[in-house]
1. Does at least one position in the range 481-489 carry a residue that is in contact with a Pro (Cβ under 7 Å, 6 or more places away or on another chain), charged (D, E, K, R) and either over 12 Å from Ala431 (Cα atoms) or at pLDDT below 95 (or both)?
2. Which pairs turn up if I take residues in the range 203-219 that are among the aliphatic types (A, V, I, L, M) and look for partners that are assigned to a helix (DSSP H, G or I) with beta carbon separation below 6 Å, at least 6 apart in sequence or on another chain?
3. Within the range 220-231, restricting attention to residues that are in contact (Cβ under 8 Å) with a residue 12 or more places away in the chain and assigned to a helix (DSSP H, G or I), which residue is surrounded by the most Cβ atoms within 10 Å (Cβ to Cβ)?
4. Quick check: is even one residue across the range 486-496 surrounded by 12 or more Cβ atoms within 10 Å (Cβ to Cβ) and under 22 Å from Leu299 (Cα atoms)?
5. State all residues of the range 65-105 that are closer than 15 Å to Ser129 by Cα and among the hydroxyl-bearing types (Ser, Thr, Tyr); if no residue qualifies, say none.
6. Condition (residue is farther than 25 Å from Ile337 by Cα and part of a helix (DSSP H, G or I)) applied to the range 172-183: is it met by at least one residue?
7. So how many residues does the range 21-51 have that are in contact with a Lys or Arg (Cβ under 7 Å, 6 or more places away or on another chain), aromatic (Phe, Trp, Tyr) and without any contact (Cβ under 8 Å) to a residue 60 or more places away in the chain?
8. I'd like the residue in the range 293-318 that is crowded, with 21+ Cβ neighbours inside 10 Å and among the aliphatic types (A, V, I, L, M) and, out of all such residues, is nearest to Gly175 (Cα to Cα).
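The values are calculated or read from the model by the stated rules, or taken from the named source; none is laboratory data. Computed from a predicted model, the values in this text were never measured in an experiment. Cβ placement follows ideal geometry from the backbone for every residue including glycine, while neighbour counts extend to all protein chains displayed.
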Amino acid sequence: MTIKEVIKAAKSKNPKLNEELIYKAFLFAKKAHQGQKRMSGEPYLQHPLETAHLLAKIGLGDDTTIAAGLLHDVPEDTKYSLKQVEKKFGKEIAFIVSGITKVGKIKLRGKKEEYDLENLRRMFLAMASDIRTVLIKLADRHHNMTTLYAKEPEKQYRIARETLEIMAPIANRLGMGELKGSLEDMAFKYVFPKKYKKTLELTREKYKQRKKAVNSAIKEINGILKKEKIKAIDIHGRAKHLYRLYLKLKRHDMNIDKIYDLVAIRIIVPQIRHCYETLGIIHKYYKPLIKRIKDYISLPKPNGYRSLHTTVFGPGRTLLEIQIRTPQMHEEAEFGIAAHWIYSTDKKFLDTLLKRDKKDQNLEKFKKIKSLKKELNWVKQLRSWQNSMNTDSQEFFESLKIDFFKDRIFACTPGGDVLDLPEGATPIDFAYAIHTEVGNSMIQAKAEGEPVSFDYNIQNGEVIEIITQKGKKTPNEKWLDFAKTGVAKSKIRQSLKKSKKINITY
């Protein structure tokens, strides 16, 4: 990797890139890392270059992010201090580099292999202060995972587990699907080597069969869309990431024949209306499985993911998963927040745009920034949540995995408000996500108009109705067993403590 390649990638996303600043950062990093080598044997400078290149490739092409990516290891791994970085490159770049150093200090410790609670807290504060710290750390971790083979087994396991449990879920919450999948796959073989090998063996032959069927279906679908006068920009097959495949196989007793999206078909069409037209045409020619039709365009996933999904009986009665989206949706599905990052770096534009009239000529940018702010709202929630969690590190991390890092679903109130919840959430979690008083006064719950138990697992997209009783202010102690989120459990404990029904200790 060379600095010219980094600049070329960054300029493809940001034509106004300050090349002088990037060269200056490169030369400073080159001088700082002079003579250093990584355990893989390559010059150390290759690491910040690879980090900066990945940042540029996924859309983070602004001057500050690329420069910070090149400098991110200087204060920690060289004789040059953070103050020297600040003197040379200013407070903003130094602040981001400082945050990256804090994010990098999350480590397993002790016999129980727990994460250090204080370092987790520091990471969340750094994220909330400037999200670029964790974005650069994700790129840094991605390159580190490619050379993990050079480290001793104990470090391989520790770094891979941290990647699987913290870094990949953060990428997922930021909507960075391709980066998340890549991080998970690289970590999988170090954390669960036997399961990794078994998954590979199970899928190798089946993958060849599926790929052949998908290639045949792509040709047929191409012909159908041309006949129906739908201009597809691209139709391609995409293999499922191995770790995600393993998780799915676990739910099906490791039966590979029950996995229909081993290789999915993606259809990229120009506009949203073409997505729905294409879906109708696909269903005209191929019988769909009704329960597997998902509209993530009208109801996007909490991380901003948009697409239409359907599973159909394709050519030869082969079950095929088909995803239909626009080029913008495809870019956002791959790169998440990075896909529209360039808008968020123009601070004056960001500060003034949200106050403008909707008839403004920059309406499209307005929508993108509004969406970006909404997608990052969970980071602010995470900061306040971790401040209120006064528990040991293991309990804190278990709550963290459920409340923020678990796969997300959405559920609606009867009034149409959409709530973002972790997969497996119950009506109790739903009620407390609305308001503490709603949770405390709940006496019944309904899903799609039908009564459900308080331990019912809410399904994605369901309408949930919470029936309350006026004057009821205290929850049931048993609800602590039914609630899945740390937020709901914390509110229940606080309410019970306030009513002195039980002796709560933290």
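1. Yes, the range 481-489 has at least one match.
2. Ala217/Pro315
3. This residue is Ile221.
4. Initial filter on the range 486-496 (surrounded by 12 or more Cβ atoms within 10 Å (Cβ to Cβ)): 486-496.
Narrowing the set further to residues that are under 22 Å from Leu299 (Cα atoms) leaves none.
No, the range 486-496 contains no residue that is surrounded by 12 or more Cβ atoms within 10 Å (Cβ to Cβ) and under 22 Å from Leu299 (Cα atoms).
5. Thr65, Ser98, Thr101
6. No; the residues of the range 172-183 include none that is farther than 25 Å from Ile337 by Cα and part of a helix (DSSP H, G or I).
7. Looking only at that region, the number is 1.
8. Ranking the candidates gives Leu308 first.
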